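Q: First the structure, then my questions, so here it is.
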Amino acid sequence: MSIGIKTSRESFAEHIMGLPVLDTHTHLVGDRLCAADFWEIAHYFWLFREMQAAGYPDDPMELPEETRIAAFLEAYHGTRNTLMNIAFTHIFKDLYGIVIQDAASIREADAAVRKSARSAGWAQEVADRMQARRFVVNIPEHAEFQGMKQNAILIPRIDGKLGGWVKEIASSDDPAAAFTHAREKLAELLDKYKDDGCKGIMTTLPAYEASANRKVVIEQGSTKDEILMMLLHEVCAAVEQRGMLLQLFLGVERSWCGTAVPANDPSRILKLSALFETYACTFELVVATELNNLDIVQAAWNFPNVHVGGHWWFNFRASTYRDSMQYRLEALPAIKSSLIVSDARSMEWSYGKIAVIKRLVAEFLWNQIEAGWIDQDTAYPIAEDWLYRSAAKRYGIEI
């Protein structure tokens, strides 16, 4: 749509839905990109959690099919108001032309998914339907996308390595030597990733009490939090030296119980701010908790090398997107902000969640136009940056 041509709300939304996107965080696996049957889509973690809240059993695949279908329908109808239910409904309505309403529709949907799974071109077809140009994965073995025009963008995750180094150093009889060894291993790892063409690395972080502005010498008695923070200094220095970027995924805590939970921490980003100030590498901050949405915008406002990413885990809510977009619109150039994090394990779920995000972007920006804060000529490039260009620029993808 050319700049300068005014349009209606419906046409504006249609234009936004047709914009290219870059999905910056997925769990897609290159040789099995699509769901094999209806139940792989129906039991996606986020929808499954909401269905459990409506009485769906914990082990539905152990049930006879008729009992499972009946239980699914009861929980599905009981969660029609939830965001994941809405996304799931769009998947089957848009991609398969099926409205889930009874046992017959579920069997029809299962047959349709099984058929599409046998089609070598289905993954690319679904990606084209949502205008998804590229996808990010974090496991090297998952990056070769079979049957698609392009492979995934690989941004390897190092949290397993990072956590292992922390434990080794903390339990060592010579923590200083163990720290030096970990630094050498880190350098070797990043050199390999750099040689393989990776633009950056990602890591999740557990809760931490230490702050980046308080450097310590690692020795006997150093806490795990102090070791973690000093290793983060080494990570940032190594990333900066190699001209790479660092994605930080924050806000999910696993130490309180056996289930991952969101952990709102008003000091989480503040404790890292000395890293942003000290190292010239590009940081991309992705958070799983509502209260940190404003914190990462403030960090990106203060530090030119900090960018804000999409909504992760418990932060994938329409309400948090609306608030977050307001923060970003008021404070940041759109080129510093990305919105797409599907966390999808199948191409179908990437479609469903991207459809939700695009609808939210269209509604939000149109409301800003109607209120007189921006005009349509401003809104279009904002949406393009949020959905695609910001991430593409960071990852070195041709825009």
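The values are calculated or read from the model by the stated rules, or taken from the named source; none is laboratory data. Note that the coordinates shown come from a computational prediction; the quantities given were computed from them, not determined experimentally. Positions of Cβ are backbone-derived with ideal geometry, glycine not excepted, and every protein chain shown enters the neighbour counts. Accessible surface is based on the protein model in full, side chains and every heavy atom, while ligands, DNA and RNA are left aside. Shrake-Rupley method; radii C 1.70, N 1.55, O 1.52, S 1.80 Å.
Q: Might you let me know whether segment 161-169 holds any residue that is open to solvent by 50 Å² or more (accessible area, probe 1.4 Å), under 22 Å from the mean Cα position of the chain (by Cα) and within 29 Å of LYS194 (Cβ to Cβ)?
A: Within segment 161-169 (the criterion being open to solvent by 50 Å² or more (accessible area, probe 1.4 Å), under 22 Å from the mean Cα position of the chain (by Cα) and within 29 Å of LYS194 (Cβ to Cβ)), the answer is yes, since at least one residue qualifies.
Q: Would a scan of segment 359-367 turn up a residue that is of a type in the set (Lys, Arg) and free of Cβ contacts under 8 Å to residues at least 60 places away in the same chain?
A: no
Q: Write out, first by first residue and then by second, each pair whose Cβ atoms fall under 8 Å of each other, whose residues are 6+ apart or on separate chains, and whose first residue, in segment 235-247, is assigned by the TED database to the domain that holds ILE155 while the second is surrounded by fewer than 17 Cβ atoms within 10 Å (Cβ to Cβ) and among the hydroxyl-bearing types (Ser, Thr, Tyr).
A: Taking only residues 6 or more apart or on different chains, the pairs are CYS236/THR278.
Q: In segment 264-299, which residues are open to solvent by 20 Å² or more (accessible area, probe 1.4 Å), part of a loop (DSSP other than H, G, I, E, B) and either of a type outside the set (Ser, Thr, Tyr) or at pLDDT below 95 (or both)?
A: Within segment 264-299, ASN264, ASP265, PRO266, ALA280, GLU290, LEU291 qualify.
Q: Restricting the search to segment 209-225, which residues are buried (at least 20 other Cβ atoms within 10 Å of the Cβ) and more than 16 Å from THR180 (Cβ to Cβ)?
A: ALA212, the sole residue that qualifies.
Q: Taking LYS149, is it farther than 30 Å from ALA392 by Cα and of a type in the set (D, E, K, R)?
A: No.
Q: Quick one: GLN150 ticks every box in (1) free of Cβ contacts under 8 Å to residues at least 60 places away in the same chain; (2) assigned to a helix (DSSP H, G or I) except a single one, so which number is it?
A: Every condition holds for GLN150 apart from (2).
Q: Could you tell me whether SER255 is farther than 17 Å from VAL287 by Cβ, in a loop (DSSP other than H, G, I, E, B) and under 25 Å from the mean Cα position of the chain (by Cα)?
A: Yes, satisfied.
Q: Another one. When only residues in segment 124-151 that are touching a Gly at 6+ places or on another chain (Cβ under 7 Å) and within 22 Å of GLY352 (Cβ to Cβ) count, which is least open to solvent (accessible area, probe 1.4 Å)?
A: Residue satisfying both the conditions and the ranking: PHE145.
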